[in-house]
Amino acid sequence: MFFTVSSAACVSDSDDATEWREVVDALPSGVPISVEITTPADSTVLAPGPVQVTGFATIGETAPIAETTLAYVVDVSGSTLGGGGCGGDLNGDDLVDTVLDCEIAALIELNKLAAANGTIADVGAAVFGTFGATADVQPGGTDNDLLTEPDADLDMDMDIDIDEVLRSLKTGLVGEFTDHVVGGGTSYGAGLSAIEPALSASTQANKVVIFVSDGNNNLSPHINQVLPTLPADAVVHTFAIGASSTCDPVVVLGTLQDISDATGGSCTEVPDVTELPDIIPSVVAAELISLELTVDGKPEPIDSIVPALPQEGPAMLAYSTLVEGLTPGVHVLCATAAGVDVIAKGDVTECSMIRVTRAPPPM
């Protein structure tokens, strides 16, 4: 897909300028990524000698595509009452800075980013302890509204609906918008089973789960019984939070690492619970990670990339290099920008075909 842009903003094709023809694509989550060969323009005829190649690459600079469901799975077991957390008393249980408060703070921050970046079409949530429960994320409807927009405020109380659900989490239960009691144990399988209805209800191309727990999996079902029931395209990123929680402990019912490995996600250990609100949102951030130039299919070093890679979006960088030794004839220059997002890696390529003339005979 081709877009015509100026250095300041997009313009229409009727205002096209050859030097600003940018190739725009999207990473799997819908974050836009682009690359441009500004000079030499396609079909340029050049005299023999070094060729200056310039251009730019961007990530998150143009309109995103909202085609991802983001789901939150939250451990509300008894151990989440422990202190050393953050967030104050977000759930109104009269306990300050618990692990659960910190989980809530991190997911509210993540949801804020999800709403702002424009790639998340809808969100859902589930909690787990001894059992699991799918959250009702819409006020005033049925008791099993599974998905809502990340910035929805359907009851118009000036409070984001999914934030209200998150702040209703207390040890062993979710209170909004329908009350569910799940007990104080720790069953990863129950958490996965509880988020399955929301994921299955999603019509989006991508499904991403953020799964947080501070304890080891010690209650059935085994995760291997539940993982096959999730949509095949669901990616689960897990977080082991607290000094006593790890991605891959010795347990028989499955680990957080097992969950992420089976779904193409990642497991992140967060021994300092207070860092959780900074770490979890970084998972959905998109980064521009590489820029490559080829000449006739062979890699060509790039002399200058400013600012240096990697760059978290939204961002724009400029590059330049001097290509030497081009023989007379037709040559193809291709620039490829690669990025990574919450789903996977992706890239976009633009090529220019140039012709180098023969040197005139000596006089």
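The values are calculated or read from the model by the stated rules, or taken from the named source; none is laboratory data. This one's a predicted model, so the numbers in the text were calculated from it and none came from an experiment. All Cβ positions, glycine included, derive from the backbone under ideal geometry; neighbour counts span all protein chains shown. Ligands, DNA and RNA are excluded from the accessible area calculation, which covers all protein heavy atoms including side chains. Shrake-Rupley method; radii C 1.70, N 1.55, O 1.52, S 1.80 Å.
Regarding region 218-277, what is the average projected area of its C-alpha convex hull, in nm²?
Directional mean of the projected Cα hull area for region 218-277 stands at 4.4 nm².
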Checklist entry - Based on the Cβ-Cβ distance from Ala285 to Ala47, what FRET efficiency comes out when R0 is 41 Å, to the nearest 0.05? => result 0.35
Checklist entry - Is any helix in the chain, taking whole DSSP H runs, at least 20 angstrom long along its axis by alpha carbon and on average at least -0.5 on the Kyte-Doolittle scale, and which ones? => result 99-117, 188-201
Checklist entry - Using alpha carbon coordinates only, what is the Rg to Rh ratio of region 235-363, with Rh defined as the Kirkwood radius? => result 1.23
Next on the checklist: Run the paramagnetic zone check for Thr349: 7 angstrom along Cα to Cβ, then residues of region 265-293 with backbone nitrogen under 15 Å.
Outcome noted: 291-293
Checklist entry - Points 7 angstrom from Cα along the Cβ direction at Met156 and Asp25: gap in nanometres? => result 4.5
Item to check | Probe 1.4 Å, accessible area per residue of region 182-290, Å² | outcome: 36
Next on the checklist: For the chain, set up a GNM with springs between Cα atoms under 10 Å and report which of Ser77, Ser352, Ser260 has the largest fluctuation.
Outcome noted: Ser352
Checklist outcome for this item: Quick shape summary for region 13-162, equivalent ellipsoid via Cα gyration tensor, semi-axes whole Å in descending order, reads 48, 19, 13
Checklist entry - What is the local net charge at Ala194, summed over the other residues whose Cβ is closer than 14 Å to its Cβ (Lys, Arg +1; Asp, Glu -1)? => result -3
Item to check | Residue-averaged 222 nm ellipticity for the chain, from DSSP H runs of 4+ at -39500 (n - 2.57), nearest 500 | outcome: -4500 deg cm²/dmol
Checklist outcome for this item: D (µm²/s, integer) via Stokes-Einstein for the chain, Kirkwood Rh across alpha-carbon pairs, 4 °C, 1.567 mPa s: value 58
Next on the checklist: Quick check: the distance between the Cα centres of region 228-275 and region 116-161, to the nearest angstrom?
Outcome noted: 23
Checklist entry - Roughly how many Å is it from the Cα centre of region 162-205 to that of region 16-87, as a whole number? => result 32
Checklist entry - Carbon-plus-sulfur fraction of the accessible area of the chain, 1.4 Å probe, in percent? => result 55
Item to check | R0 of 41 Å, Cβ-Cβ distance Thr336-Arg358: FRET efficiency to nearest 0.05 | outcome: 0.85
Next on the checklist: Between Asp94 and Met316, how high is the FRET efficiency from 1/(1 + (r/R0)^6) when r is the Cβ-Cβ distance and R₀ = 51 Å? Nearest 0.05.
Outcome noted: 0.60
